[in-house]
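The values are calculated or read from the model by the stated rules, or taken from the named source; none is laboratory data. Quick caveat, the model's predicted, so the values are computed rather than measured. Every residue, glycine as well, gets a Cβ built from its backbone with ideal geometry; the counts of neighbours run over all protein chains shown.
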């Protein structure tokens with residue numbers, strides 16, 4: 001008989017407690033990871049199991065008894081998941097659970113169960129569990145959709161729950177990704193939503209700044225007055241100053257903070273001043289922009305390695321730390337960042353040291369954004385192509401046979 005009252009929600013603390021799972025099929029495969037994460041002492045009873053469940057047993061995450069259910073299997077259990085394909089066995093196990101007062105979930109008959117599994121999601125220490133109000137009205141797809149909407153809102157900052165305890169302050173060095181605001185990480189987006197101050201780079205995902213609440217102070221890093229300080233020193237001081245005022249500060253960068261982003265310089269400065277900080281990696285433009293333009297940086301039978309270098313100084317510049325002659329001898333893909341205005345001398349150097357003049361080259365300007373465009377050339381023609389097509393930074397340059405292996409994605 002269907003329950004007439006709504007289920008009473010409760011969180012079970014199963015660490016070290018015996019949990020019995022009957023059946024090793026798809027239902028168990030979906031439910032076991034959460035039970036493992038809860039620290040339960042899991043006993044699986046089933047003659048067979050899916051490869052994934054078998055791997056959990058082989059890895060010592062649960063104990064597997066390879067036989068069908070038998071009366072007495074639920075003795076001393078705190079919780080049971082009944083998910084076999086044998087309805088008679090399920091009925092018997094459910095009856096045993098009732099006798100032993102073991103909370104029991106039934107995959108084949110929710111109405112006969114004493115517990116239901118909620119649609120569950122997690123975000124930064126908060127667990128969201130959604131249940132329908134009664135057995136008669138159970139709609140798992142709707143329940144899961146509600147769960148997803150709440151969790152997504154918490155993760156991306158569109159659903160903001162105020163903190164009623166002291167919030168941790170400090171600096172978050174956040175990689176904003178290659179430009180498309182949808183390509184920032186979930187954690188990065190949430191930290192933006194919780195920030196008091198955002199110090200943003202020119203190449204950060206600018207559209208995200210429009211979503212910030214009105215009280216958030218947004219500072220353009222390029223416009224920080226630096227007087228006797230170098231620009232980077234001025235940025236470091238701005239981060240330290242705001243953080244020491246008790247504010248949550250986000251340093252929003254394009255790409256990844258540690259890929260030509262000076263993130264470590266900022267981290268060292270913060271550490272020296274005792275300012276707590278966290279690093280949120282971002283999707284680097286070195287791989288994401290070529291991918292968005294239809295170019296894999298590696299491809300079976302074509303390139304088994306790729307190298308990312310900075311082209312902000314020319315090969316003949318004494319400040320360059322790049323071994324360009326060695327790069328010319330590699331057979332894989334070369335990705336050059338910040339190299340549009342130096343590409344002529346880069347190409348000449350690569351050719352002079354053995355790279356074929358006919359090596360394909362692609363220049364992807366403003367990758368992943370609405371303004372993205374791709375210009376193809378070769379090492380021999382790339383300098384002229386930059387002039388003819390007026391390629392401007394920011395642009396990612398890909399050098400190698402991977403440029404021609406696949407079709408271009410639809411615009």
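Observations on the model:
- Residues in the range 159-178 that are modelled with pLDDT of 90 or more and in a loop (DSSP other than H, G, I, E, B) were compared, and the one that is surrounded by the most Cβ atoms within 10 Å (Cβ to Cβ) is 176.
- Candidates 226, 258, filtered to the one that is assigned to a loop (DSSP other than H, G, I, E, B), within 24 Å of residue 367 (Cβ to Cβ) and outside the structural domain of residue 364 (by TED's automatic domain parsing): 258
- Flag not set for residue 143, criterion: modelled with pLDDT under 90, over 28 Å from the mean Cα position of the chain (by Cα) and not assigned by TED's automatic domain parsing to the domain that holds residue 23.
- Taking strands (runs of 3 or more DSSP E) as the structural unit, those lying wholly within the range 60-127 and holding at least 1 residues that are under 17 Å from residue 40 (Cα atoms), within 40 Å of the chain's Cα centre (by Cα) and without any contact (Cβ under 8 Å) to a residue 60 or more places away in the chain correspond to 63-65, 103-106.
- From 216, 275, residue being more than 21 Å from the chain's Cα centre (by Cα) and free of Cβ contacts under 8 Å to residues at least 60 places away in the same chain: 216
- Screening 368, 333 for residues that are modelled with pLDDT under 95, touching a helix residue (DSSP H, G or I) at 6+ places or on another chain (Cβ under 6 Å), closer than 16 Å to residue 286 by Cβ and surrounded by 21 or more Cβ atoms within 10 Å (Cβ to Cβ) leaves exactly one candidate, 368.
- Scan of the range 289-308 for residues that are in contact with a helix residue (DSSP H, G or I) (Cβ under 7 Å, 6 or more places away or on another chain) and either crowded, with 19+ Cβ neighbours inside 10 Å or part of a strand (DSSP E or B) (or both), ordered by number: 295, 297, 299, 303, 307, 308
- Count of residues meeting criterion [without any contact (Cβ under 8 Å) to a residue 24 or more places away in the chain and closer than 23 Å to residue 84 by Cβ] in the range 1-36: 2
- Scanning the range 296-314 for residues that are out of contact with any strand residue (DSSP E or B) (no Cβ under 9 Å at 6 or more places or on another chain) and closer than 11 Å to residue 338 by Cβ turns up just one, 313.
- Residue match in the range 51-59 (condition: touching a strand residue (DSSP E or B) at 6+ places or on another chain (Cβ under 6 Å), surrounded by fewer than 17 Cβ atoms within 10 Å (Cβ to Cβ) and not in a loop (DSSP other than H, G, I, E, B)): no
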